Amino acid sequence: MNTIPPFANLTPDCVMNAIDSLGLPCDGRLLALNSYENRVYQVGQDDGPPLVAKFYRPERWSREAILEEHAFTLELFERELPVVPPIIHQGNTLHSFEGFQFAIFNKHGGRAPELESASTLEWMGRFIGRIHAVGALAPFVHRPALNIETFGTGPRDFLLSHDFIPASLKPAWESAVALALDGVRRSFDRAGDVANIRVHGDCHIGNVLWTDAGPHFVDFDDIRSAPAVQDLWMLLSGDRQEMSRQLVDVLIGYEDFCDFDPRELHLIEALRTLRLIHYSGWLARRWHDPAFPAAFPWFNTEHYWQDRILELREQIALMDEPPLVV
């Protein structure tokens, strides 16, 4: 595992010089925005409003995979969906400077959506349904799929091979992960041959900006092929009754634009389980980046892994329950 911090050379001067290299002179104002996977900055311009510059984590995505992200967001934007695509500047959306790949975006404001409201959930459903109607038109070529290997066995193997699990908890964690992945496989078997389409992939409220005009997504960094319900389940919270009610509201809007396959209801807890395993693996893979120990000091403590074992055991039970009723 590479131990050199990936953004060690991305100094403020480097950021501003990268923007200057596009013929867009900076005025010296630079504000780091909240992002761990990449580095994102609001950059002031001498002439014009501030821009948002996104510097991609080195060696995470190929150039082709990043351009596929850009192409998808531009496809959505051209179909008048409220998304924030990269700016096409000098004929390109992806630029390079001193070993970093970066894109620039127009700045957009907004607030987090209030998912307690049925009308907000319905509006979110319409928005996601429109995205999926476009996402189903063609497959990704360079983006990976969300499946048991990429979000389950891969992270599990990384955590074990790099000794992140405390020795005293390793047998219990290994057993819990094995049973959880068995539950995921059974859930996918019950769902049957559901379609994989182009989805946002990380559809939580932190990636949605809400204004009086409604929602828009600002981060398509994690787009991949997955069942449609991957973009719906993270809008749900509470007990089964509450989640069923919320899902009904979401689907009222969603099905205005895209049909929902009810077999995918079998996958909600399975996809939640995979996300939990993947999240631990993601933190472990990024632990050499100084931003991660500073932001997640509780990771890799004994208490953290005890909680993960209990969490997985809860998921094992939930995956054997009947799917939500809508």
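Summary table
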read-out: Relative packing of peptides 38-44, 23-29, 284-290 - highest average C-beta neighbours within 10 Å first; value: 38-44, 284-290, 23-29
read-out: Distance (nanometres) between label positions extended 7 Å along Cα→Cβ at ARG79 and GLU98; value: 4.0 nm
read-out: Likely footprinting exposure, ARG126, ARG263, ARG63, fewest C-beta neighbours within 10 Å first; value: ARG63, ARG263, ARG126
read-out: Packing rank of 184-194, 265-275, where each peptide gets the mean count of other beta carbons within 10 Å, highest leading; value: 265-275, 184-194
read-out: Normalised convex hull volume, the range 12-106, alpha-carbon set, Å³ per residue; value: 104 Å³
read-out: Equivalent ellipsoid semi-axes, the chain, via Cα gyration tensor eigenvalues times 5, rooted, Å; value: 33, 27, 17
read-out: At most 13 other Cβ within 10 Å, DSSP loop - GluC sites (Glu not before Pro), the range 160-268; value: GLU255
read-out: Length gained when the stretch LEU310-ASP193 is fully extended (0.36 nm per residue, less Cα-Cα span); value: 39.1 nm
read-out: Local electrostatic count at THR120 - Lys and Arg +1, Asp and Glu -1, tallied over other residues with Cβ under 13 Å; value: -3
read-out: Span from the the range 231-281 Cα centroid across to the the range 1-61 one, whole angstrom; value: 35 Å
read-out: Efficiency of FRET from Cβ geometry, ASN106 and LEU318, R₀ 41 Å, rounded to 0.05; value: 0.50
read-out: Per-pair calculated FRET efficiency, R0 = 51 Å: SER168 and VAL141 via Cβ, rounded to 0.05; value: 0.70
read-out: Within-15-Å neighbourhood charge of ARG63 [Cβ basis; K, R +1; D, E -1]; value: -1
read-out: Environment charge at ALA195 (Cβ cut-off 15 Å; Lys +1, Arg +1, Asp -1, Glu -1); value: -2
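Each reported figure results from applying straightforward, stated rules to the coordinates on display, with no laboratory input. Small disclaimer: the values here were computed from a predicted structure and weren't measured. Don't worry about glycine lacking a Cβ; one is built from the backbone with ideal geometry, like all the others, and counts go over all protein chains shown.
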